[in-house]
Every structure is written in structure tokens, then in C-alpha cells.
Amino acid sequence: MLSNPVYDPYQILTKVYSEGAHLKQAIAETYIEELNRARTVRIVYGVLENDGYLSFCIRRYAPKAPKPAVRLILKISLYMLLYMEKKRYMVTDCAVELCKKLGKAGVAGFVNAFLRRFDKTETDKALPKGEEGEALRLSWPLYAWKKLKAEYGARAERIAAAKSAGVCVRFAKNEEKYLSLPHLDTPFPHVFIFPRFARDEGYDLGEYTFQSVGSVAVCGVVSPCGEMLDACAAPGGKSVLLAGKCGRVTSFELHPHRVELIRQYRERMGVNNVSERQKDSSVFDPDYEETFDGVLCDVPCSGFGTVSENPDIKLFRKEEDFVSLRAAQTGILDACCRYVKRGGKMYYSTCSVFAEENDGIVGEFLKAHPEFESLPVESPLPFARKAYGLQFLPDEAFGAGFYVAVMRRRAGEKPGGEPDR
């Protein structure tokens, strides 16, 4: 076992940068000694959160781009130096040792010289002016920062820099066992946020589950009903929570392995009124026409409301992705609206902070489907009221950014707004 404190972060980040692995998956697949876990996770998240700025630092002091492995060693080292306030000699020694243990002794001298020469003050002076420099300092992709700034103005920097409040835990039972730990209350029953929370046997016994505050808040606006559809359901947290207020929940998910995640989730939590189905929610199935009192479409989106929890989004989400995402969002609504009973409700949600994925999609849907009307919606969390729904922003909502809107199908009208004769 290698004891170098940067070895585990290097392993995990190699999977993310070089193999395209999702961050949480890469952490789960890497053995980390419990003694080192907190430090390792902090470094991994910190490097990804600050990737844009760290990359600029490397370009500033290494005009000839280092190879990926060396670049990653430098990013980890710079993060420790700049954000963990580690001594320069200690960071340099760890980096040089890691080079040697990875069989890259030939670049150890370069890494050593780079870290000894690096100067943050001089680097910051070299940042470009205007939006490009702002995006680098905040480590946001330039296109996304421009979108954010255009929509939110002076508030954009607070949104971009917002940090996660901690681990959101929803308890099904025995919560008193855990509330002696430091925690924050939320406005939702049995839901608390902990600075750190170690999973124990209570998880396997269904005493609690990890669920984002955004997911809980979206479920909170759903009205109790008999038949409920969760159209994009994996891993199952929303379906299981909705099962407590609905007679029966049907959960659609496209991929077989994600359908299995839903089954495992509801079995662990002891819920028996959730039925999972492998189904493409963007393709209408006449077997389900006008079946449900409520339909929740928590659609695929850019995810920019969750970068505090998923900083790798800033690396891999591209501007051109918004075109295909909007098509998917529209397609899911167009198909799933036909599953709603007359007088029933449809709920649209994303974890995005961008209007084009939120109010923009809902407005287009309502224009194309006059048989639906927008309904007012409320939440105990701070929100910005938009034309059709509520926008929650990370600087106020425990680090979470998300959106929810509620629509009702008018009684007596077919899809497309034609009267039922």
C-alpha cells in the first residue's frame, strides 16, 4: 500500500480525467483507507472544483503542455499548496515521490522546479480581463459563465462559488440515533444536513437514505394522489419518497441497470407500492394513456445547479449538449403529458439554473399543449418565482440549484387542446 497522501487522489482523478468516469463512481471504485478518506475526498473535489484556475496556473508556468499524468500531479500539488495551506516543501516532496513511484522519475526535476517557482500573486496578475478572467478565477467554462452572468448579473458570482452545505440525509426511522451529530435543520420533516456523515448499518436497514435537498423539495410540491408516474426515476429516491403520499408509484427508467437500482432502493427502504419499468419516457406507450393522477418529469439537464456536489460537470458538459438536452426535455414532456388523466397534474423539474431548460421549456410546452394550464407552486425553501415555476439557487438553497413547475390537464380536452365531444 502506497502511503503518499496524493496517491489515492491521483488514482481517482485519473479515472475522471483520462477515462471519463463519473466522480462519485470513481471514488466508490477506489479503495481508500478510512484514515485517509476525508483528506482524499477533499483533494479530489477541490481539484475538480478549481480545475479551470489550476489549469491556467500550469499554462502560466509551463508554456509547453505537460503530459496528462504530470499535469494531474501538478493540479493536485497546486490545490494542496493554494487551498489546503500546506508547506511548499511538503507538497513538493510528495509530488516528487509520487513521480518516482509512478515510474516517472524523469519528470521529477521538472515538477520540483515548477512548484518551487510558482507564485500565485504573479499568476493572478496575468489573468485575462473581463469575463474570460472571471470564468478562470471561478473555474467555470466560459460559455456557461456568460450564460449565468447574463441571467443573474451581480448574483452570478455567488451562485458559481456556492458550496455544498454538507450531506443531506432523509430518515425513515430512528433518526434520534444520529441527531447528536452536528447538523443543519431543513424545512422538510426528517431531512437534515450533516457536515460529514459516515454510512453505517442503519443504511442497509433502511433507517435512512442519502437524498439531495432538491429531490426532497421537488417531491414536496407533488399533491397526494392515487396513481403516480415518476418518468425518469433512477436511482429511486423520488419514487420511494412519493410512495408515502401516493397510492401507487410507477417508475420508468431507460437502462436495465438503472431499473435495478430502483428495485434495490425501494427494497432497502421497505417500500412495496413502487413498481419499476424499463421504458423510454420520450416514446409514448398507449398502454399508459390517461392512467395517472400525477406525472413527475425530472428530466435530463445540464446539471449546472449541482456543480457543488458534482464538479466534474464543469469539465464534461459542452455548450452543444444544450441542443440535445432541450430535445430530450421536450420529447419527454410531449410523451408523458398523454399519461395524465383529465384534471391530473404534471410536474416538471431539473437541476439546472438556466432559463432555457426551465421556464423556457415549460412555456414552449404550454403553447403547444393548450389542454394544460400552469398552476401556482410554493415551497418552504427560498426561491425566485418565474413565469411558470420556481427557481432555487445554490447560494440560498443549501448549495443546490433546481427548478420545478406544476401544470394541470384541463378536464374535457384531448391532447392538442381539442374538446372531447
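Which is crowded, with 18+ Cβ neighbours inside 10 Å and under 23 Å from Arg37 (Cα atoms), of Ser212, Ser251? Walk me through it before giving the result.
Values: Ser251 fails: under 23 Å from Arg37 (Cα atoms).
None of the others qualify; the one that does is Ser212.
Only residues that are among the β-branched types (Val, Ile, Thr), over 21 Å from the mean Cα position of the chain (by Cα) and not in a loop (DSSP other than H, G, I, E, B): list them for segment 278-326, please.
Going residue by residue through segment 278-326, those that are among the β-branched types (Val, Ile, Thr) are 283, 291, 295, 299, 306-307, 313, 323.
From what's left, over 21 Å from the mean Cα position of the chain (by Cα): 283, 291, 295.
Listed by number, the list holds a single entry, Val295.
Would you check if there is a residue in segment 90-112 being surrounded by 15 or more Cβ atoms within 10 Å (Cβ to Cβ), part of a helix (DSSP H, G or I), out of contact with any helix residue (DSSP H, G or I) (no Cβ under 8 Å at 6 or more places or on another chain) and of a type outside the set (Val, Ile, Thr)?
Yes.
Do we have Thr123 as of a type in the set (Ser, Thr, Tyr), assigned to a strand (DSSP E or B) and either more than 26 Å from Leu381 (Cβ to Cβ) or within 18 Å of the chain's Cα centre (by Cα) (or both) here? So that I can check it myself, show each step before the final result.
Values: of a type in the set (Ser, Thr, Tyr): yes; assigned to a strand (DSSP E or B): no; either more than 26 Å from Leu381 (Cβ to Cβ) or within 18 Å of the chain's Cα centre (by Cα) (or both): yes.
So Thr123 fails the test.
Taking segment 26-37 as the region of interest, how many residues are in a helix (DSSP H, G or I) and surrounded by 12 or more Cβ atoms within 10 Å (Cβ to Cβ)? It would help to see each step written out before you state the result.
Start the filter on segment 26-37 by keeping residues that are in a helix (DSSP H, G or I), which leaves 26-28, 34-37.
From what's left, surrounded by 12 or more Cβ atoms within 10 Å (Cβ to Cβ): 26-27, 36-37.
Residues that pass the stated criteria total 4.
Okay, residues lined up against (1) under 25 Å from Phe392 (Cβ atoms); (2) in contact (Cβ under 8 Å) with a residue 12 or more places away in the chain; (3) of a type outside the set (A, V, I, L, M, F, W, C):
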position: Lys125; (1), (2), (3): no, no, yes
position: Glu151; (1), (2), (3): yes, yes, yes
position: Arg158; (1), (2), (3): yes, yes, yes
position: Ala162; (1), (2), (3): yes, yes, no
position: Val167; (1), (2), (3): yes, yes, no
position: Pro182; (1), (2), (3): yes, yes, yes
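Give the residue that is surrounded by the most Cβ atoms within 10 Å (Cβ to Cβ), with candidates limited to residues of segment 318-336 that are of a type in the set (S, T, N, Q) and closer than 15 Å to Asp359 by Cα. Talk me through it step by step, then tell me what you get.
Of all residues in segment 318-336, those of a type in the set (S, T, N, Q) come to 324, 329-330.
From what is left, the residues that are closer than 15 Å to Asp359 by Cα are 329-330.
Numbers: Gln329: 26, Thr330: 16.
The residue in question is Gln329.
Any idea how many residues of segment 237-290 are in contact with a Leu (Cβ under 6 Å, 6 or more places away or on another chain) and not aliphatic (A, V, I, L, M)? Talk me through it step by step, then tell me what you get.
First, the residues of segment 237-290 that are in contact with a Leu (Cβ under 6 Å, 6 or more places away or on another chain): 249-250, 280.
Retained after the next criterion (residues that are not aliphatic (A, V, I, L, M)): 250, 280.
Counting residues in segment 237-290 that are in contact with a Leu (Cβ under 6 Å, 6 or more places away or on another chain) and not aliphatic (A, V, I, L, M) gives 2.
Which of the strands (runs of 3 or more DSSP E) found entirely inside segment 171-242 contain at least 2 residues meeting this: aromatic (Phe, Trp, Tyr), at pLDDT 95 or above and over 25 Å from Thr330 (Cβ atoms)? Spell out how you get there, then give the answer.
Values: elements: 191-194, 208-210, 225-230.
Passing ranges, in order: 191-194, 208-210.
I'd like to check something: does segment 339-351 contain any residue that is part of a strand (DSSP E or B), more than 25 Å from Asp280 (Cα to Cα) and at pLDDT 95 or above?
Quick first cut of segment 339-351, residues part of a strand (DSSP E or B) only: 340-350.
Checking the rest, the ones that are also more than 25 Å from Asp280 (Cα to Cα) come to none.
For segment 339-351, residues part of a strand (DSSP E or B), more than 25 Å from Asp280 (Cα to Cα) and at pLDDT 95 or above: absent.
Looking at the structure I just gave you, is Tyr61 at pLDDT below 95, surrounded by fewer than 20 Cβ atoms within 10 Å (Cβ to Cβ), aromatic (Phe, Trp, Tyr) and within 23 Å of Ala113 (Cα to Cα)? First the steps, then the outcome.
Values: at pLDDT below 95: yes; surrounded by fewer than 20 Cβ atoms within 10 Å (Cβ to Cβ): yes; aromatic (Phe, Trp, Tyr): yes; within 23 Å of Ala113 (Cα to Cα): yes.
The answer is yes for Tyr61.
The values are calculated or read from the model by the stated rules, or taken from the named source; none is laboratory data. Only a predicted model underlies this, so the values are computations on that prediction, with no experimental measurement involved. Virtual Cβ from ideal backbone geometry, glycine too; neighbours counted across all protein chains shown.
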